Each structure stands twice: as structure tokens, then as C-alpha cells.
Amino acid sequence: MNILILGSGGREHTFCYKLAKSPKKPKLFIAPGNAGTAQLGTNLPIDPTNLEAVAQAMTQHQIDLVVVGPEAPLVAGVHDFIAAHPTLGHIPVIGPKQEAAQLEGSKAYAKAFMERHHIPTAPYKQFTADTLAEGLAYLETIPAPYVLKADGLAAGKGVLIIHELAEAKEALTDMLAHKKFGAASEQVVIEGFLDGIELSCFVLTDGSGHVTFPFAKDYKRIGEGDTGLNTGGMGAVSPVPFNDPAFEQKIHDRIITPTLEGFKKDKLDFVGFVFIGLIRVGDDPFVIEYNVRMGDPETQVVLPRIENDMVELLSATAEKRLNEVTLQISSKAAATVVAVSGGYPEAYEKGKEITGIPNDALIFHAGTTTNDGKLVTSGGRVLTSTGFGTDIHEALTSAYGNLTNISFEGMYFRKDLGFDL
Ligand code: AMP
Ligand code: GLY
């Protein structure tokens, strides 16, 4: 079986690692991949949002199954493109079509979906340049802090949480009148602030059946104590200690079930991963956001805890047999620590040699490549170290231990993960 994985991060390396362990011995192709995925399959130097190039690669390498890692190809319609292709239309794609990808691609679409299906989330209103005056007036009627969200994809930078009214008004004006985030902020969602602790929920659905993966918690801020700029994610742990059985049951009843029912009612035929960003406020769960893919770095703690054959799990999804599948989850806890280039998430240098990667540890590559036979950095998030233990603190100790000998110029990682748990 030939499997094409779209993407190039730690998430995609983790998928390759799990797929490569399958007794079905699939041949893996990764577009574009990184130095880690190159050890498990064939990297293809193509942009996963170049749909023609993806289709050509599928034909050339006789691909049987496509797994989409990041959101951009989904929002660009890669699934629709393949489904409508004259010779590739029968090949399954794990990842939703363009319409359903709007759950991540448009905050307003996601909020309307939640409202329509009575899924708990913060109250909201949406505004455009034409209704800026109403948006400014609306800000005066709600309490601080103000949550302003650019409607479209803004590389994780489109959400502003502002404490002062005057500053919030200025930001709204910048977003709508001056297109601060380009086309992404032609529409802005203003929503109520939810005060609580966040966790991530992952569901794999085939359009009728589904499995719920282990929960995880990620650390988004660059600085220790959850301070400084937002990043793609600096680490993650699974399971989540405050996700007790009674709380998890509420997540199933109030959020997962109505979300999957909502897909059916809206005829979205959602096949793929649903990543529900949740917040626990008191004893109740609320949805912060939907993503239509796995999280990164959450994948690096979630997939290693799943003991099922990953090829079989994805085949069951493609063949709409997920109802027959029971997940086997390891009782071990997992933690992952992300090592980044100095300066990230702002400007950073690339091409720094990476040394000291242990052979006997789970090190997933993200921004890595090879140059003259040397392993070098090629991105902000460079690699992630996953460890296991009887609880997340033991798992963190193991993940940190495996980073000890790894080095590259400017290497930085947070040393306080789990501090809040
Ligand atoms: P999002 O891109 O929607 O996940 O938002 C990015 C981050 O902003 C989230 O992970 C939360 O930490 C925070 N955030 C978003 N919406 C809210 C909200 N309504 N209340 C509090 N924090 C929020
Ligand atoms: N770690 C958050 C994300 O993948 O969006």
C-alpha cells in the first residue's frame, strides 16, 4: 500500500513513525516532509497546496491513500480536487472537503455551526468594514477583556485578547479598515472572554462512525509560565489530569455528539480528524475553536499512546468501518518538548547543524533538512522529544532527558512544561 502524507512537521513525522510500524509495511511518500520523514519514506519536493502537483505525485507513485497533515491544503480544497479528478477520484483522502474545512478556515462559519447545533461556546457577533461603527459600539456594551478574531487563516496570529476598551477599538479598526491580517481580517468575530484552562480533543470520523483519541494539552506561549508570544506549540502532554470522567462525559454529550450530528445534518460528509479546542470553565466545557486536522505538537503525544495499527485505522476510516474499531490506548502518559530556533516565533536563522540526536529516543523532526550530509535546521520549530512515564511529570522528565545531548546554535525549549498541572 502506498500512502501519501501531506505536510512537513513533527505531526507528519509522527504519522510516518506510526504508519511505518504497521505489519502491513506501507510505502510512505511525504510532501514535502523533513529530514526525519526521509528516514521512513520518500520525500517529494512539492507544495501540498499545489493541487496539480499533488495529483501528479499520486499518479506517479501509485498512491492508494492520502493523509492530509496541515489545514492549508484542506482549505484549498485538496480533497474536492482529488475526488473530482478523472483518474484519481476513487482514492480516499483522510481530511474533510473544502466546505467542512471552513470550520477551521472561517471563525464566523465555525461560530454559526456551533450556534445552529447548540454547542456551548462564547457568545459572539461578527463585523465587516461596512459595519465597523456597529462593531465599535458593540465593544462598549461588553465587559473586558475583548476577544477579537480575524475570520480567516492567519497563521495562528489572528486572535487578539485586549484588556483596554480604547485599544480594542483601535485593533478592530486596524483589522477591518486597514486589513491588518490581509484578507483574513475582512471579517472579524468579537466574542466573550472565557476564563478557564484549555485542553484539546481529537476525534477521527468516517462520516458515520468515529473514535475519540486520547485528550492532550498543549503549551502555546514561547515563554515560561505561559508568557510572551503565541507559537505553533512548545510542547504537549497526554492525558490531561483535570479531564476527570464526569467532565469528559460532558464533553462527549454536549460537544462531540452534537458536533458529529451537526456534520450529518449539514451534509458535510466529514472524513478525517476533528480537533476541538476546549476550555474548562468551572465544571463545564466550551469550544474555543475547531480545527480540521490533528494538532502539532499534540500528535506527538496522542499517536504514540494509540496501540492500534495505524494503517488499519486509516483504512477503516476510508472504508467507513470505524464503527467496528475499538481503540487500544496505552495507560502510559506521554509528554513532548519542542526545541525551537533562537528568535522564534519572530525572525530566526536557519541552516544550523544539529548534533547529538540519540538513537534510542522518540525524536520527531519538524524544521530539519540535510545539507552536504549534515542535519541542519530549516524552520522555527526544529524537533520535538517525546517521553513516557506513569504520569505526565515522569513523561516530561524522560522527554527532557532525551534532549540533553541534542544541540544546535540558538536552540531553545521551555523547561517548565507541566508547571500548571
Ligand atoms: P483560537 O485561534 O481561536 O484557538 O484562539 C487562540 C487562543 O486564544 C486560544 O488557544 C485561547 O488561548 C485564546 N482564546 C480564544 N478565544 C477565547 C475566548 N473566547 N476566551 C478566552 N480565550 C480565548
Ligand atoms: N497545537 C495547536 C495546533 O496544532 O493548532
> Among the candidates 349, 312, which residue alone is under 20 Å from residue 9 (Cα atoms), in contact (Cβ under 8 Å) with a residue 40 or more places away in the chain and of a type outside the set (Lys, Arg)?
Replying inline: 349
> Can you spot a residue in the range 16-26 that is among the small types (Gly, Ala, Ser) and crowded, with 24+ Cβ neighbours inside 10 Å?
Replying inline: no
>> Of the residues 223, 207, 277, only one is closer than 22 Å to residue 412 by Cα and either at pLDDT below 95 or surrounded by fewer than 23 Cβ atoms within 10 Å (Cβ to Cβ) (or both); which?
In response: 223
>> If I filter the range 221-244 down to residues being charged (D, E, K, R) and touching a residue at least 40 places away in the same chain (Cβ under 8 Å), which single residue comes out as nearest to ligand 2 (Cβ to nearest atom)?
In response: 226
> Mind checking which residues of the range 19-43 are touching a residue at least 40 places away in the same chain (Cβ under 8 Å) and either in contact with a helix residue (DSSP H, G or I) (Cβ under 8 Å, 6 or more places away or on another chain) or not in a loop (DSSP other than H, G, I, E, B) (or both)?
Replying inline: 19, 21, 22, 24, 26, 34, 36, 37, 38
> How many of the residues making up the range 236-268 are within 22 Å of the chain's Cα centre (by Cα), surrounded by fewer than 17 Cβ atoms within 10 Å (Cβ to Cβ) and not in a helix (DSSP H, G or I)?
Replying inline: 2
> Of the residues 420, 372, which is more than 22 Å from the chain's Cα centre (by Cα) and not hydroxyl-bearing (Ser, Thr, Tyr)?
Replying inline: 372
> What are the residues in the range 293-325 that are crowded, with 20+ Cβ neighbours inside 10 Å, part of a loop (DSSP other than H, G, I, E, B) and either away from ligand 1 (no atom under 13 Å from the Cβ) or of a type in the set (Phe, Trp, Tyr) (or both), if any?
Replying inline: 293, 294, 296, 297
> Between a first residue in the range 186-204 that is within 15 Å of residue 146 (Cα to Cα) and a second residue that is of a type in the set (A, V, I, L, M, F, W, C) and within 16 Å of ligand 2 (Cβ to nearest atom), which pairs have beta carbons less than 9 Å apart while being 6 or more apart in sequence or on different chains?
Replying inline: 188/150; 189/110; 189/150; 194/279; 194/288; 195/279
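The values are calculated or read from the model by the stated rules, or taken from the named source; none is laboratory data. Nothing here was measured: the structure is a model prediction, and the numbers come from that model. Glycine also receives a Cβ, built like all others from the backbone with ideal geometry; neighbour counts cover every protein chain displayed.
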